[in-house]
Amino acid sequence: MQRLQSRPQFQAVLAGSILARTSHFALHRVALQTSQATDARQTLFAVDDVWLGAMVPKRWARRAVTRNTIKRQVYTVSQDFESSLARAAHVVRLRSGFDRQHFVSATSDALKAVVRGELQQLFASAAKRPLVSPEST
């Protein structure tokens, strides 16, 4: 599994479709090769593999330690689903915050468990949806 690293890579994936959603996360996916943007995507994603990135905005997770914990959970859970994900570029985006009244500690075990459970749900629903290239429609 390759990791997204540059801003253009993230922007290209976010321009794609939303594959799955949970109450806190959204999973975006874009095919690596399409007829219109083959050259641009080939330069961004040189390796034909599963690509993954995690976006955890400060707006939804104020503390850096919380953002890093959530990103670690994303990459750890994604390893379990790597074989069932399509060879495409994916971004997991945090789309709403976790209640600070309920999760007082920035890296509590309760927060990690809730994040892990939601991510497993997200990746399980994404694994059920095959990659349909625009060329075949």
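Could you tell me whether Leu94 is touching a Pro at 6+ places or on another chain (Cβ under 7 Å) and either over 21 Å from Arg3 (Cα atoms) or crowded, with 16+ Cβ neighbours inside 10 Å (or both)?
The answer is yes for Leu94.
Yes or no, residue by residue, for (1) β-branched (Val, Ile, Thr); (2) farther than 17 Å from Gln5 by Cα:
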residue	(1), (2)
Leu44	no, no
Val47	yes, no
Val50	yes, no
Arg59	no, yes
Asn68	no, no
Asp80	no, yes
Gln101	no, yes
Val114	yes, yes
Ala127	no, yes
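Answer yes or no as to whether Phe98 is at pLDDT 85 or above, of a type in the set (A, V, I, L, M, F, W, C), in a loop (DSSP other than H, G, I, E, B) and more than 24 Å from Ser17 (Cβ to Cβ).
yes
Among all residue pairs at least 6 apart or on different chains, which show Cβ distances below 7 Å where the first residue, located in the stretch 76-92, is at positive phi and part of a helix (DSSP H, G or I) and the second is of a type in the set (A, V, I, L, M, F, W, C) and surrounded by 12 or more Cβ atoms within 10 Å (Cβ to Cβ)?
none
Starting from residues that are modelled with pLDDT of 90 or more and of a type in the set (S, T, N, Q), keep the ones in the stretch 18-65 and report whichever is nearest to the chain's Cα centre (by Cα).
Checking each candidate, the answer is Thr22.
The values are calculated or read from the model by the stated rules, or taken from the named source; none is laboratory data. Just so it is clear, the structure is predicted and the values come from calculations on it, not from any experiment. Positions of Cβ are backbone-derived with ideal geometry, glycine not excepted, and every protein chain shown enters the neighbour counts.
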